[in-house]
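Below you'll find the structure, written out as structure tokens, and then a few comments.
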Amino acid sequence: MSIEVTRLPDAARRSRAVAIGTFDGVHVGHRRVIAGADTVLTFEPHPLSVIHPEAAPKLIMPFEIKRDVIDGLGVDELVVIPFDKEFSEIEAEEFCSGVLIETLAAARVSVGENFRFGKRAKGDARMLEARSEFETRVVPLVEVGGETVSSSRIRALVAAGDVEGAMRCLGAPFLLEGEVVEGDKRGRTLGFPTANVVPDDELVYPGHGVYAAFANGRAAAVNVGVRPTFETGRGVLVESYLIDRDEDLYGKTLRIAFIARLRGERRFAGVDELVAQMHRDVERARDLCARFEPPR
């Protein structure tokens, strides 16, 4: 359950073990920060979108997915601070005393070693460690494959189509969610009806290609791209063929968990060549998905 810190009821006052961060992606480093905490404190929207909108990154996940992923980590509550211009002007000391101590009654605080907070980002882990009112746990940066895990690294991996590399850094498959919209209905005529989602331009999404994935928990072959064999002019679509499952999903929300990249998107000489490749893609996706537990 998400609770705006300004509306936290008095009855909810208790000693808390609080993990603090923006947590975009909830990657393996974030998960170490959250481990052992009963409360996660985060910010919405992303602070950079308020402080320096021109430098704001495409997000790895929208708030709805972040909320669900954090909930799956077994914490008791998610406290969400609406990050606006007014909050960005709060001094670091005021954040410690007003938010962590007075409002949340924090007994323990957990942050990553590069966490910064307060006006002009003057607050850091060392400032938190200097406070006597609570114990501070500072989590070192985590490496995967000899490189530091960061949200920016994961964005680059996803955009390049390396969803397997992203999964190693995230500790879980990369997730994309959207409402199923009507497409050209060409997939149905080819024997592969798809559920189509238009990717949100404010979020990172996998580079053009074909992927093995789970769509709403079902094994799927997913094409991300512009369908170069057919000149549609519709722009990028995420087209999911749910293997051995044909149902009307128009208007419903589809959540896609990407497992592996099968190939790049390419133009085929004709429909027969395309259909033959689609059969191969589906079989590879089926085999790969069988190795994984469907995400809940």
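Coordinate-derived values only; no laboratory data. Nothing here was measured: the structure is a model prediction, and the numbers come from that model. Please note: Cβ atoms are built from the backbone with ideal geometry, for glycine as well, and neighbour counts cover all protein chains shown.
Under the criterion of Cα pairs below 8 Å and six or more residues apart, the relative contact order for region 2-141 equals 31 percent. Label separation (Arg245 vs Ala56): 3.3 nm, computed from points 7 Å beyond Cα along the C-beta direction. Straight-distance candidates among the lysines for linking to Lys66, with alpha-carbon spacing under 24 Å and chain neighbours fewer than 8 residues away dropped: Lys58, Lys85, Lys252.
Put simply, the amide H of Arg137, placed in the peptide plane, has neighbours under 5 Å in Val109, Ser110, Val111, leaving out anything fewer than 5 places away on its chain. Extending 7 Å from Cα along the Cβ direction at Arg291 and again at His279 yields two label points whose distance is 2.4 nm.
Cross-link reach is defined here as a Cα-Cα straight distance under 18 Å, omitting same-chain residues fewer than 8 places apart; for Lys119 the aspartates and glutamates meeting it are Glu44, Asp84, Glu86, Glu89, Glu91, Glu93, Glu94. Look at the alpha carbon pairs under 8 Å that are at least 6 residues apart: their mean separation over the length of the chain gives a relative contact order of 16 percent. Taking 0.36 nm per residue of separation and subtracting the Cα-Cα distance, full extension of the segment from Glu113 to Leu48 would add 21.5 nm.
Quick check: Cα centre of region 94-156 to Cα centre of region 204-219, how many Å? Measuring centre to centre over Cα atoms gives 33 Å.
Relative to the dominant Cα principal axis of the chain, helix 271-289 is inclined by about 40°.
For the pair Asp272 and Glu179, what calculated FRET efficiency results from E = 1/(1 + (r/R0)^6), where r is the Cβ-Cβ distance and R0 = 35 Å, to the nearest 0.05? The computed FRET efficiency comes out at 0.60. Taking square-rooted eigenvalues a ≥ b ≥ c of the alpha carbon gyration tensor, is region 188-296 rounded, prolate or oblate, where a/c under 1.5 means rounded and, failing that, a/b exceeding b/c means prolate? Judged from the Cα gyration tensor, region 188-296 comes out rounded (a/c under 1.5). Among the trypsin sites (Lys or Arg not before Pro) in region 24-76, those located in a DSSP loop and surrounded by at most 16 other Cβ atoms within 10 Å of their own Cβ are Lys58. Between Ala160 and Glu133, the contour length at 0.36 nm per residue exceeds the alpha carbon distance by 5.2 nm. Rounded to the nearest 0.05, what FRET efficiency do Ser88 and Asp200 give with R0 = 22 Å and r taken as the Cβ-Cβ distance? Could you check? Efficiency at R0 = 22 Å is approximately 0.35. In a DSSP loop and with at most 15 other Cβ atoms within 10 Å, the trypsin sites (Lys or Arg not before Pro) in region 112-200 are Lys122, Lys185.
Each of His208 and Glu147 was given a label point 7 Å from its Cα along the Cα-to-Cβ line. The distance between the two points is 2.3 nm. On the beta carbon distance between Arg126 and Thr253, with R0 = 51 Å, the FRET formula returns roughly 0.75.
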